[in-house]
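First the structure, in the form of structure tokens, and then the observations on it.
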Amino acid sequence: MTPADYDAWYDTPRGRWIGETEYALASRLLAPQAGDSLLDVGCGTGWFTRRADADELVATGLDSSAAALAYARAQSGPTLNWAAGDARDLPFVDAGFDHVLSIAALCFVADERQAVTEIVRVARRRFAIGWLNRHSMLYREKGRDGGRGAYRGAHWHTAEEVRALFTGLPVARLALRSAIFLPSATRWARRLERVMPAALPWGGMLFVTGGKT
Ligand SMILES: C[S@@+](CC[C@H](N)C(=O)[O-])C[C@H]1O[C@@H](n2cnc3c(N)ncnc32)[C@H](O)[C@@H]1O
């Protein structure tokens with residue numbers, strides 16, 4: 001799949017709904033103010049990075065894929081920053097960003113514990129990391145037998161597995177929240193999403209959020 005094909009999915013009604021729903025939850029969890037800095041780890045084509053920029057955050061996207069970053073750069077305005085790098089060895093100083101966001105990226109990283117340690121290190125205030133949830137409808141539709149489309153090769157986690165990745169790290173108020181309970185995005189799915197408590201751990205996107213101690 002080319003970066004352009006990947007990003008075009010966010011222009012479909014279902015893709016836009018999923019993107020906006022995930023972003024809305026992440027934004028609620030991070031509670032950023034205009035002008036805050038935000039690092040998007042594993043930004044891919046930069047859809048969430050651009051979304052944060054539209055909310056007047058000083059956004060930086062980092063990815064290990066040169067092709068994805070080239071696409072992201074070509075789509076972006078002058079206020080966005082892009083960096084090539086590895087989530088397991090972030091090229092930034094300790095506490096360098098007010099907020100760190102990462103969506104559906106660590107599911108593709110071999111040493112997730114190292115990536116989580118790095119995200120916590122560079123976050124000054126809060127982080128929100130989204131993983132694909134094995135206990136979800138999305139997994140049943142897209143994740144089984146190695147996964148389909150953009151989900152191919154992803155590692156799908158349980159809530160217990162992602163929580164365990166934070167053991168011993170300097171984090172406070174660790175919480176799990178989820179979104180995308182019915183991934184079909186039909187009218188009923190969208191209505192249900194509005195009333196489902198994000199504290200239920202059955203959405204396709206499982207966020208771990210917390211602050212620094
Ligand atoms: C499914 S895409 C998600 C992109 C974006 N966050 C989104 O939700 O649209 C996963 C991204 O993780 C990136 N990635 C995988 N391993 C990485 C690593 N070790 N360091 C940085 N990025 C990585 C891939 O290049 C890819 O762009």
All conditions in (1) in contact with a Cys (Cβ under 8 Å, 6 or more places away or on another chain); (2) more than 23 Å from residue 179 (Cα to Cα) are true of residue 94 except (1)
Does residue 123 satisfy the condition of being open to solvent by less than 20 Å² (accessible area, probe 1.4 Å) and more than 10 Å from the ligand (Cβ to nearest atom)? yes
Quick check on residue 144: is it among the charged types (D, E, K, R), assigned to a strand (DSSP E or B) and surrounded by fewer than 22 Cβ atoms within 10 Å (Cβ to Cβ)? no
Starting from segment 195-210, keep only residues that are of a type outside the set (Lys, Arg), then list their pairs with residues that are modelled with pLDDT under 95 and part of a loop (DSSP other than H, G, I, E, B) whose Cβ atoms are within a distance under 6 Å, requiring at least 6 positions of separation or different chains. 204/183
Within segment 157-182, can you find the residues that are surrounded by fewer than 19 Cβ atoms within 10 Å (Cβ to Cβ), in contact with a helix residue (DSSP H, G or I) (Cβ under 8 Å, 6 or more places away or on another chain) and not hydrophobic (A, V, I, L, M, F, W, C)? 170
Considering 185, 154, 199, 128, which residue is within 23 Å of residue 87 (Cα to Cα) and surrounded by fewer than 21 Cβ atoms within 10 Å (Cβ to Cβ)? 154
Can you list residue pairs whose Cβ atoms sit under 7 Å apart, with the first residue in segment 114-133 being more than 26 Å from residue 150 (Cβ to Cβ) and the second being assigned to a strand (DSSP E or B) and hydroxyl-bearing (Ser, Thr, Tyr)? Count only pairs 6 or more apart in sequence or on different chains. 126/209
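The values are calculated or read from the model by the stated rules, or taken from the named source; none is laboratory data. Keep in mind that what you see is a predicted model, and the values were worked out from it rather than measured. All Cβ positions, even for glycine, are placed from backbone atoms using ideal geometry, and neighbour counts span all protein chains on display. Note: accessible area is taken over every heavy atom of the protein model, side chains too, but ligands, DNA and RNA are not part of it. Shrake-Rupley method; radii C 1.70, N 1.55, O 1.52, S 1.80 Å.
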